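Worksheet: one structure, shown below.
The values are calculated or read from the model by the stated rules, or taken from the named source; none is laboratory data. These numbers come from a predicted model, not from an experiment. Virtual Cβ from ideal backbone geometry, glycine too; neighbours counted across all protein chains shown. Ligands, DNA and RNA are stripped out before the accessible areas are found, and what is left, the full protein with its side chains, is counted by its heavy atoms. Shrake-Rupley method; radii C 1.70, N 1.55, O 1.52, S 1.80 Å.
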Amino acid sequence: MKRFSLVLAMLLLVAATLAAAVATAQQPTPPAGTAAPAPAAGAPAPSKIDNGDTAWMLTSSALVLLMTTPGLALFYGGMVRQKNALATLMQSFIIMAVISIQWVLWGYSLAFGPDKGGIVGGLDWVGLRGVGAEPFDAYSKTIPHQVFMLFQMMFAIITPALITGAFAERKKFSAFLLFTVLWATIVYDPLAHWVWGDGGWLKKLGALDFAGGTVVHISSGMSALVCAIVLGRRRGYGHQPMQPHNLPMTVMGAGLLWFGWFGFNAGSALEANGLAASAFTATNTGAAAAALGWMFTEWLTRGKPTVLGAASGAVAGLVAITPASGYVGPLSALVIGAIAGAVCYSACNLKSKFGYDDSLDVVGVHGVGGTWGALATGLFASKAINEGGDNGLFFGNPGQLWTQIVAVLATYALAIVATYVILKVVDAIVGLRVSAEDEVAGLDLSQHSETAYAMGGGQYGEFSSASGAFADAMRGAEAKPRVAH
């Protein structure tokens, strides 16, 4: 009955959206061949598409998509236990499909559509009506509106994927799907409008977020904290070993994230220009400094540097430099990254003291790293780097730091409250967490009837004598014929 309710709820949501799209599409349009009105005397010249900018933005969009799968999928997939590897990969992979559809149907319109009170976009662009080949000047004058939409889609995809690391190894797949759709609609889309949308209240306030410190990282980090607390700890957490099953996979994922992040940050210049080059430089410098900052901090406190620590440090630096990347020079990026490595390492070690189980350290890396990056933007931003921004505290404008604090607190409030409500709704409809037996068996078998590794990987020694859900799932997996590719 719960599964039926989930399917019915999602079908109703999609049906309502399609109905709105059809109704909008039926509005009269100018006859074919009707000439556009001539511009008034003295009006600014119409925008013109630049092929180089368009090519750069399409490339950047592909780079950001690569960050989710394979980048984040491998990074997270290697850090979980073997029995949950496929399920973790699946979450990142299927989010690309789910959010791609949500974004086309209503997500982009809510995030970037015509402003409604500074809070959310209207439904004028439902189904991408009116989002075509011509530039939309409020966002970019040299690329097609649809290219801007595609670039922003990739941000909408990776953000809920980041949250999955907090509830890894224990959340139902059906709950994950419903949560993703609701969270993207209720949290991500309005927040993107606040910060980046034409008329968004934080944008009008003057908050600086070049590529997603608040919209992507703080929102996912704070939502991850709520998820970890509401779902509770994994079975055996703190008593049983839960080491990563494949660190080479995690390092490859981190490398792909670093690579794709150039599209994430440098692409946010929205042109192939000097600002994109500056953001590219700041991104690489921040990541490198944070990898070293984490490594040396760990070396000093624990006696040895770890590979997982270096990879996590690089990601922490990428997170922290994201909001500042288009507003700071390389030396400022170095300082931001180095501090991020040390601070995020310390934050990840605090979770055991507070007692929550953030499986893959989303809170420590993205929540804390994003917060530091947003505040650091208010310290290090310089109009000498980007005339479209503002100066920070260290360049004579203390008011910018206060504006950044307001943006951070507003993001905290929306993400924490909305995520808690969404989790309670999802729990009431389908339940959030797998059963104890399914968790012991692993999500690969219990949720997908598959195993990650054919040779030896399917035999989990510690559970080889288990019965019930584990045995049933194993028999089901073995009985199903494999499809040849």
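Give me Rg over Rh for the stretch 249-290, both radii from the alpha carbons and Rh done the Kirkwood way, two decimal places.
Ratio of gyration radius to Kirkwood radius for the stretch 249-290: 1.04.
May I ask for log10 I(q)/I(0) of the stretch 157-244 at q = 0.10, 0.14, 0.17, 0.23 Å⁻¹, from a Debye sum over the Cα atoms as equal point scatterers with solvent left out?
Here log10 of I(q) over I(0) equals -0.32, -0.57, -0.76, -1.12.
Which of the lysines could a cross-linker span from LYS141 if the Cα-Cα distance has to be under 26 Å and same-chain partners fewer than 8 positions apart are dropped?
LYS48, LYS116, LYS203, LYS204, LYS383
Any chance you could check the Cα centroid distance between the stretch 294-328 and the stretch 367-406 for me, in angstrom?
Here the two parts' Cα centres lie 21 Å apart.
Which loop-located chymotrypsin sites (Phe, Trp or Tyr not before Pro) does the stretch 90-158 contain, where loop means any DSSP state but H, G, I, E or B and the Cβ has at most 10 other Cβ atoms within 10 Å?
Loop-located and lightly packed - none at all.
Semi-axes of the equivalent ellipsoid for the stretch 325-384, please: Cα gyration tensor eigenvalues, times 5, square-rooted, ordered largest first, whole Å.
The equivalent ellipsoid of the stretch 325-384 has semi-axes of 27, 10, 8 Å.
Using a 1.4 Å probe, what is the accessible area per residue for the stretch 282-410, in Å²?
Numbers: 4810 Å² over 129 residues.
Counting only protein heavy atoms, the per-residue value for the stretch 282-410 is 37 Å².
For the full complex of protein chains and a 1.4 angstrom probe, list THR164, THR297 by accessible area with the highest value first.
Greatest to least solvent exposure: THR297, THR164.
Could you grab the Rg to Rh ratio for the stretch 64-213? Cα atoms only, Kirkwood for Rh.
Over the Cα atoms of the stretch 64-213, Rg/Rh equals 1.01.
Identify the residues of the stretch 217-247 with backbone N under 19 Å of a label point that sits 7 angstrom from the Cα of ARG302 along the Cα-to-Cβ direction, or state none.
Only 237-247 pass the distance filter.
Go through 379-387, 165-173, 51-59, 346-354 and give me the packing order, highest mean Cβ count within 10 Å leading. Don't skip to the answer; put the middle values down first.
Details: 379-387: 18.7, 165-173: 23.8, 51-59: 17.1, 346-354: 14.2.
The most tightly packed comes first, giving 165-173, 379-387, 51-59, 346-354.
If you count, for each residue, the other Cβ atoms within 10 Å and average over each peptide, how do 86-92, 433-439, 404-410 line up from highest to lowest?
Averaged packing, sorted descending, gives the order 86-92, 404-410, 433-439.
On full extension of the chain, what length is gained from LYS48 through GLU134, given 0.36 nm per residue of separation minus the C-alpha to C-alpha distance?
Numbers: separation 86, 0.36 × 86 = 30.96 nm, distance 0.83 nm.
Extending this stretch completely gives an extra 30.1 nm.
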